[in-house]
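Okay, so here's the structure we're looking at.
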Amino acid sequence: MANDTNVGKTWLSCELLTHAREHNFRLFPFKPLATGDRSDVLLLAAESCCMLDHDKINPIFFHAPMAPHG
């Protein structure tokens, strides 16, 4: 499935952010929910056009990791 873990969603998002930035588009990444860690948020923030607070990119964060299939 396209929304499974480790299928490349964040990688593709970063590539799109980079392409947009290189062509003077201002896109703001948004990852509404993250669990376990914020490594994806750090990657998205690095490719963003602006310095954004991680809480703006990812407003809902749970420290406990949650498996996608229970």
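Full extension from Leu33 to His19: what is 0.36 nm times the residue separation minus their Cα-Cα distance, to one decimal in nm? All intermediate terms of the calculation are to be shown ahead of the outcome.
Details: separation 14, 0.36 × 14 = 5.04 nm, distance 2.42 nm.
Answer, rounded to one decimal: 2.6 nm.
Give me the number: length gained by fully extending Asn6 to Phe62, i.e. 0.36 nm times residue separation minus the C-alpha to C-alpha distance, one decimal in nm. Before the final figure, lay out the partial values.
Numbers: separation 56, 0.36 × 56 = 20.16 nm, distance 1.89 nm.
18.3 nm is the gain from fully extending Asn6 to Phe62.
For the chain, what is the accessible area per residue in Å² when the probe is 1.4 Å? Mind showing how you got there, number by number?
Working: 5370 Å² over 70 residues.
Per residue, the chain has an accessible area of 77 Å².
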> Applying the Karplus parametrisation 6.51 cos²θ - 1.76 cosθ + 1.60 with θ = phi - 60° to the phi angles of the stretch 40-50, what ³J(HN,Hα) value in whole Hz is obtained for each residue in order, glycine and proline being reported as x?
Replying inline: 5, 5, 4, 5, 5, 4, 5, 9, 6, 6, 9
>> Can you tell me the orientation of helix 9-22 relative to the chain, as the angle in degrees between its alpha-carbon axis and the longest Cα principal axis, to the nearest 10?
In response: 10 degrees
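Using a 1.4 Å probe over the heavy atoms of the protein chains, calculate the carbon and sulfur portion of the accessible area of the chain as a whole percent. Before the final figure, lay out the partial values.
Numbers: 3270 of 5370 Å².
Here it works out to 61 percent.
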> Principal axis lengths of the chain from Cα atoms, whole Å, largest first?
Replying inline: 42, 27, 14
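Please list 36-48, 14-26 highest first by mean number of surrounding beta-carbon atoms within 10 Å per residue.
On the way: 36-48: 16.4, 14-26: 12.5.
Highest mean packing first, the order is 36-48, 14-26.
The values are calculated or read from the model by the stated rules, or taken from the named source; none is laboratory data. Please read these numbers as outputs of a predicted model, since none were measured by experiment. For neighbour counting, all protein chains shown are included, and Cβ atoms are generated from backbone atoms with ideal geometry for every residue, glycine included. Areas reflect the complete protein model, heavy atoms only, side chains present, ligands, DNA and RNA absent. Shrake-Rupley method; radii C 1.70, N 1.55, O 1.52, S 1.80 Å.
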